[in-house]
Amino acid sequence: MKNDRYDAIICDLGNVLVNFDHRIAVRKILNRTPKGEKEIYELFFDSGLTGLYEEGRISSDEFFYRVKEALVLDIDYSIFLPIWDDIFFETPLNIKMQGLLKRVRPRYKLIMVSNLNESHFEFLEKKMDIFGVFDQLVLSYKVGYRKPAPEIYNMALGFAKTIPSRALYIDDRQDLIEAAGRLGIKGIVFDGGQAFENVVKEIEK
């Protein structure tokens, strides 16, 4: 049964529909750089450089050039790219969440909102069919904004043709749920099995 409170479900990608860990790439690249594990991880995960890349302000080639320079990498792009991309893995909870969205698709507008860069999207698009479930993908590198910028949430609402109070937002980060909440969007922090059950109750009751 559809919950008539909502027209749309706005859903994050990372650690909701697929998990990721930049440490996988860090470990593979350690023997190619004089830099330490902590410094590499901080560059890869939510640094100013990755922010530029996720907002589409620099190309994949430029991102690699800057990473290579910052880490003094002894590596070329063709070797770096598979290491950079292959950090994703699906858990049973991810699979359950994917199945839930596929099940409710006929009853809600589904909008993905993700801080995602070009190479990771192209890599995942070849491996996962979940992207096709959504009515619209609002990806940071394509729209030029990253969460928690209000613009990206407002874009999602625009594509769903609804108002904040009639959208449910699912994300693994509390700070991003709070940012959407300031716009009037109800959110659920996706942080485990109980969160999944809360989502089910919210959209199928």
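Points worth noting:
- Rel. contact order, % - alpha carbon contacts under 8 angstrom, at least six apart, the chain: 30 percent
- Radius of gyration and Dmax over the Cα atoms of the chain, both given in Å: 17.7, 57
- Note that the range 187-194 has calculated 3J(HN,Hα) couplings of x, 10, 6, 8, 10, x, x, 5 Hz, one per residue in order, obtained from phi through the Karplus relation 6.51 cos²θ - 1.76 cosθ + 1.60 (θ = phi - 60°); glycine and proline are x.
- Cα-only Debye scattering, the range 22-86: base-10 log of I(q)/I(0) at q = 0.16 Å⁻¹: -0.45
- Remark: for residue pairs Lys161/Lys186; Lys35/Lys147; Lys126/Lys186; Lys28/Lys68; Lys96/Lys201; Lys35/Lys68, the C-alpha separation exceeds 21 Å in Lys35/Lys147; Lys126/Lys186.
- By the Kirkwood approach, averaging reciprocal distances over each pair of separate Cα atoms, the range 100-205 gets a hydrodynamic radius of 14.4 Å.
Every read-out reported here was derived from the displayed coordinates using simple, explicitly stated rules and does not represent laboratory data. Source: prediction; values computed, not measured.
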